[in-house]
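Notes for the one structure printed next.
Rule-based calculations on the coordinates, nothing more; no lab input. The structure displayed is predicted, hence computed values, not measured ones. Reconstructed Cβ throughout: ideal geometry from the backbone, glycine too, with neighbour counts over all protein chains shown.
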Amino acid sequence: MRRKLIAGNWKMNKDLQESEKLVSEIIAGLKKIEYDKSDVLICPSFVSLSDTYKQISGTPLNLGAQNMYFENEGAFTGEISANMIKSAGCKYVILGHSERRNIFHESDELINKKVIKAIDSKLTAILCVGEILEERESGKQNEVVKSQIEKGLAGVSSDKLINLVIAYEPVWAIGTGKNATPEEANEMHKFIREIISDLYNKNASDEMRILYGGSLNDKNCEELLSQSDIDGGLIGGASLKSESFLKIIETSNNI
Ligand code: PEP
């Protein structure tokens, strides 16, 4: 039985004070709802990680970073290592987000190095994949996602998959208010399971947590999260307000 994972990706939002406020609201809200069937993760900006970690200590909230570099240390100005985010309390790291791929031109090869480093460092990597609008319109979505997964997981052996989560995020649905229909999303999640089964085995595919991301919110979460192959959400906009994030967590628990 796969546990649901509800992950908030705050992107480049919330300074220290705003982060502290949002985390306080989430902690207070969690005391009033049932969420024992779901894991909850928040991924603030790098500067807020350390303070957030102190704030969430003793709560079941998990902490994640939005990116990292694959080298251990050295002359890589502006980058952050796996050990650094771990020392700030992170258990998870988002890798290959479409904004990293499209705005910062991260290649599948670079993302693969990061995935390997994250997993070897005992972080859980959330590998994001998804097609852009033109690719969906020309029916290439399966081809694109397959290639991103095969390249992203090159050299990752099956015993390491315990530290991997995949997030399917159709790029045309991120931050646009347009979400994939629950059927479209579930179909892709099933396809991703087939890819994992082909690359590894059926057991690995059955156990892999696959999140949906792309304008998931408190209104559409029930339909999306109740699909057979959707194991949670990677949530941008709706994770920036405690009410909507808490509602999604609560809904995930009741499915
Ligand atoms: C995301 O940041 O991964 C995301 C899916 O954003 P949004 O929920 O705002 O579409």
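Ranked for footprinting exposure by Cβ neighbours inside 10 Å, fewest first, Leu240, Leu95, Leu22, Leu133 give Leu133, Leu240, Leu22, Leu95.
Across segment 225-233, computed HN-Hα scalar couplings (Karplus, 6.51 cos²θ - 1.76 cosθ + 1.60, θ = phi - 60°) run 6, 8, 5, 4, 10, 9, 9, x, x Hz from first to last residue, x flagging Gly and Pro.
Over all pairs of different C-alpha atoms in segment 4-253, the reciprocal of the mean inverse distance, the Kirkwood hydrodynamic radius, equals 18.0 Å.
Entry note: segment 115-247 has Rg to Rh equal to 0.96, where both radii use alpha-carbon atoms and Rh is the Kirkwood radius. Go through Val93, Ala65, Ala28 and say which Cα lies farthest out towards the positive end of the charge dipole of segment 4-253; charges sit on Cβ, +1 for Lys and Arg, -1 for Asp and Glu. Among Val93, Ala65, Ala28, the one farthest towards the positive end of the dipole of segment 4-253 is Ala28.
Between the listed residues Val115, Met12, Thr52, the Cα displaced farthest toward the positive end of the dipole of segment 4-253, a dipole computed from Cβ unit charges relative to the Cα centre, is found at Thr52.
Taken about its Cα centre, the chain carries a charge dipole of roughly 600 debye when the Cβ of each Lys and Arg holds +1 and the Cβ of each Asp and Glu holds -1. Here the peptides 63-70, 107-114 are ranked by packing, the mean other Cβ count within 10 Å, and the order with the highest first is 63-70, 107-114. Which of the pairs Lys140/Lys202; Lys122/Lys151; Lys117/Lys160 have their Cα atoms more than 18 Å apart in this structure? Result: Lys140/Lys202; Lys122/Lys151 exceed 18 Å. Taking packing as the residue-averaged number of other Cβ atoms within 10 angstrom, the listed peptides 6-17, 83-94 run from highest to lowest as 83-94, 6-17. Straight-line cross-link partners of Lys21 among the lysines, defined as a Cα under 19 Å from its Cα and at least 8 positions apart when in the same chain: Lys11, Lys31, Lys32, Lys54, Lys241, Lys247. In percent, rounded to a whole number, the relative contact order of the chain is 22, using alpha-carbon pairs under 8 Å and six or more apart. Between the amide H of Leu123 and any residue lying 5 or more places away or on another chain, no distance stays under 5 Å, with hydrogens modeled in the peptide plane. With neighbour counts taken as other beta-carbon atoms within 10 Å, the residues His97, His105, His189 rank, fewest first, as His105, His189, His97.
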